[in-house]
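Below: one structure, written as structure tokens.
The values are calculated or read from the model by the stated rules, or taken from the named source; none is laboratory data. These numbers were taken from a predicted model, which means no experiment stands behind them. So basically every Cβ, Gly included, is an ideal-geometry build from the backbone, and we count neighbours across all protein chains shown. The area values use the complete protein model at the heavy-atom level, side chains included, leaving out ligands, DNA and RNA. Shrake-Rupley method; radii C 1.70, N 1.55, O 1.52, S 1.80 Å.
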Amino acid sequence: GGMSEKQEALVKESWEVMKHNIPDLSLRFFTLILEIAPPAKNMFSFLKDTDEIPQNNPKLKAHAVKVFKMTCESAIQLREKGEVVVADTTLKWLGSVHLQKGVIDPHFEVVKEALLRTVKEATGEKWSEEMNGAWAEAYDQLATAIKNEMHAEA
Ligand code: HEM
Ligand code: ISQ
């Protein structure tokens, strides 16, 4: 499915607001992932040897931001081209990183839930069902592209 101009705008606008508070955003995103799926902790190299989620880990922050930015970019591409376009090598790379880390398809629902809840909390009264739907669509398309790459490689 494609993405309307309105949906693209909702994703972009909300990211513009959220990106001003990366430390809280990334921490919240990660906390939610581990709340939903505690065993996921050991998959992440920067969490393996810690009992708590590090409050100020630059790697964690950078990673979380990448996930949001890529989902945002996916929304833009969906509107412009009607499909997710990620540079081919990037998609292949993402496929192999996740395959190597032991990520399986159901994990994508966990990250989706955490992402959508983070957006909801971070946007507050600006949040709407429509905004939620726009992020969900952008994420689903990107996740499908990564999963396809993982299946192709497995
Ligand atoms: C690594 C994005 C879904 C777990 C990465 C990296 C990116 C990324 C960009 C590489 C970070 C880097 O090395 O700079 C995404 C996107 C996703 C997604 C856009 C969905 C659309 C998932 C899911 C899981 C997951 C569902 C499962 C819990 C991991 C792990 C790593 C990783 C364990 C390696 C982190 C490390 O260095 O230890 N992801 N990811 N990702 N991702 Fe994802
Ligand atoms: C990598 N892939 C998916 C989700 C993530 C969340 C935080 C940090 C890294 C991630």
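Some observations on this one:
- Each Lys or Arg adds one and each Asp or Glu subtracts one; over the other residues with Cβ under 14 Å from the Cβ of F68, this totals +4.
- On the chain, 53 percent of the accessible area sits on carbon and sulfur atoms, based on a 1.4 Å probe.
- Site pair I36 and A9 shows an inter-label distance of 2.9 nm when each label is modelled 7 Å from Cα along Cα→Cβ.
- Taking a sphere under 12 Å around the Cβ of P106 and counting the other residues whose Cβ falls inside, with K and R at +1 and D and E at -1, yields a net charge of -1.
- Tensor-based shape of segment 72-145 (alpha-carbon gyration tensor, a/c under 1.5 rounded, otherwise prolate or oblate): oblate
- Gaussian network model of the chain, springs between alpha carbon atoms under 10 Å - residue of S26, S45, S74 with greatest fluctuation: S45
- In the context of the full set of protein chains, the chain has a per residue accessible area of 55 Å² (1.4 Å probe).
- The 3J(HN,Hα) values that the Karplus relation (6.51, -1.76, 1.60; θ = phi - 60°) gives for segment 129-140 are, in residue order, 4, 5, 5, 4, x, 5, 5, 4, 5, 4, 5, 4 Hz. Gly and Pro appear as x.
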